[in-house]
Amino acid sequence: MPNSTSILSPIDVERIRKEFPILHQQVNGRDLVYFDNAATSQKPAYVIQALTDYYQGYNANIHRGIHTLAERATKAYEATRLTAQQFINAASEQEIIFTRGVTESINLVASSYGRAFLREGDEIILSGLEHHSNIVPWQMVAAEKKAILKIIPVTDEGELDLDGYKKLLTSKTKIIAVNHASNSLGTINPVKEIIQLAHQLGAVVLIDGAQAGAHLPIDVQKMDCDFYCLSSHKMYGPTGTGILYGKKELLEKMPPYQGGGEMIKEVTFEKTTYNDLPYKFEAGTPNIADVIAFKFAMDFITELGKENIAAHEHDLLLYATQQILKLPAVKLVGTATQKVSVLSFRVEGIHHFDIGQMLDARGIAVRTGHHCTQPLMDRYGIEGTVRASFSVYNTKAEIDQLIEGLERIINFMK
Ligand code: C6P
């Protein structure tokens, strides 16, 4: 893992790349260019090593055993909670709940908070930029509780229409759920303003931070969000784990999401009393190995510095935008003024799947399709886009390869 003696220079991309074994391979006869970071980022060697260390050195169930391995595993697992608390500046470790990732975090809130506190006719506000994970759980609870979904409109540039948002707010507004940054367009949303306006009405706000975790500074106390969700696998960590942050006073009054071991204090056939936070929401044996390794991923980000990462990625995004706009057949989708490093585009006359496949043949990994944001694609009257998403280990030379590949594909297909 990185430590004070192995500080990575924020701009030393070649040094950073050495930490990622997967990047050093050929795909379809070419050096891999990995531009699918919004789907999942690659993992540094010490994150992978942390998994092996646990399984080879101290695999044991946590919070239950008194033997040495169990104590080691529990300590490592809880160390991730402390790191997560510091990573997002939560007020207490009790506000950090481990989940499978953003999808489960949102389902937990929709199911627990939504079922307990929504009444018929109450209103939930989402935005037109949301991932299906931040739509479907709310549709499910809204159908059950006869609540109403309202949608913040999206401008042609891919920004949220804040006046439109203000018009949606009423005394019946109870929950607002929006993303910090859009996975399809890259738009960074004005979450602080959205939260302030919601709080004036006493509504709670959930922020889907899937696309912010590795890219934007997150301070949940400054932001004053009520819930914040992160996925480890988009932050250089393993799949299958993530965080739900919730304000303690809210989590305390929410009913458990799942029942089982760990989330209880005492069980009789007549009555069960629930455990304290955060364990009330962590039923069963958790994903111990991946949670432990997630700490190393957060340490990696912290050590590089979010500001340094953001600056590098912004530089890549600017360069890629300038270069791609030189190709007349290319049309960008999403031109917000504030963006994370996501470049979504379409090429006139060529299907996005074909472009994705032909880029793959050149060793370049991009994502194509609706990116789990079908309502957003409908907003633009399109089926999908090609999406290149950049990370701290990407380079301008790789962007040149993307542009050259696109140029050749366009010439070949026309
Ligand atoms: N977006 C993408 O390629 P999970 O799968 O639970 O880790 O995250 C779901 C999710 C929720 N919100 C946003 C904004 C997201 O981007 C994602 C995951 C990936 O864009 C996979 S569809």
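The values are calculated or read from the model by the stated rules, or taken from the named source; none is laboratory data. Remember, it's a predicted structure, so these values are computed and weren't measured experimentally. Here the Cβ positions follow ideal geometry from the backbone for every residue, glycine too, while neighbour counts run over all protein chains shown. Ligands, DNA and RNA are stripped out before the accessible areas are found, and what is left, the full protein with its side chains, is counted by its heavy atoms. Shrake-Rupley method; radii C 1.70, N 1.55, O 1.52, S 1.80 Å.
Given a Förster distance of 35 angstrom, what is the FRET efficiency for Val136 paired with His63, based on the Cβ-Cβ distance and rounded to 0.05?
Given R0 = 35 Å and the Cβ-Cβ separation, E is 0.65.
Tally up the carbon and sulfur contribution to the accessible surface of segment 214-347 as a whole percent, 1.4 Å probe, everything protein left in place.
52
At a 1.4 Å probe radius, carbon and sulfur cover how many percent of the accessible area of segment 104-156?
54
Let's test the formula: R0 of 51 Å, r as the Cβ-Cβ distance of Phe412 and Ala143. What FRET efficiency results, to the nearest 0.05?
So the FRET efficiency works out to roughly 0.60.
Taking 0.36 nm per residue of separation and subtracting the Cα-Cα distance, what length does fully extending Gln56 through Tyr274 add?
75.1 nm
How many nm is it between the label spots at Gln86 and Asp315, if each spot is 7 Å from the Cα in line with the beta carbon?
Each label point is offset 7 Å from its Cα along the Cβ direction, giving 2.7 nm.
Express the accessible area of the chain per residue in Å², computed with a 1.4 Å probe while the remaining protein chains stay in the model.
42
What is the dipole size for the chain, taken about its Cα centre, with +1 at each Lys and Arg Cβ and -1 at each Asp and Glu Cβ, in debye to the nearest 20?
360
Return the tail of the calculated pair distribution for segment 1-134, meaning the percent of Cα-Cα pairs more than 20 Å apart.
The answer is 69 percent, as a whole percent.
Sort 283-289, 230-236 by the packing proxy (mean of other Cβ within 10 Å over each peptide's residues), most packed first.
The most tightly packed comes first, giving 230-236, 283-289.
What 222 nm value per residue comes from the helices of the chain, counting each DSSP H run with n ≥ 4 as -39,500 (n - 2.57) and dividing by all residues, nearest 500 deg cm²/dmol?
-11000 deg cm²/dmol
At 7 Å along Cα-to-Cβ for each site, give me the label-to-label distance between Glu252 and Ile22 in nm.
4.1
Any idea what the relative contact order of segment 48-302 is, in percent, if you count C-alpha pairs under 8 Å spaced at least 6 apart?
24
Take the Cα pairs of segment 48-302, get the Kirkwood Rh, then feed it into Stokes-Einstein at 20 °C and 1.002 mPa s and tell me D in µm²/s.
For the chosen part, D equals 114 µm²/s.
How big is the antiparallel share of DSSP beta bridges in the chain, given as a percent to the nearest 5?
Roughly 60 percent of the DSSP beta bridges within the chain come out antiparallel.
Please work out the C-alpha center-to-center distance from segment 227-241 to segment 41-91 and express it in whole Å.
Computed from Cα coordinates, the inter-centre distance equals 15 Å.
Under a crude label model (7 Å from the Cα following the beta-carbon direction), how far is Glu93 from His351 in nanometres?
5.3
If you roll a 1.4 angstrom probe over the protein chains with everything in place, what fraction of the accessible area of segment 17-100 belongs to carbon and sulfur, to the nearest %?
For segment 17-100, the apolar C and S fraction of the accessible surface comes to 50 percent.
For a Förster distance of 60 Å, can you work out the FRET efficiency between the beta-carbons of Asp31 and Glu266, rounded to the nearest 0.05?
0.55
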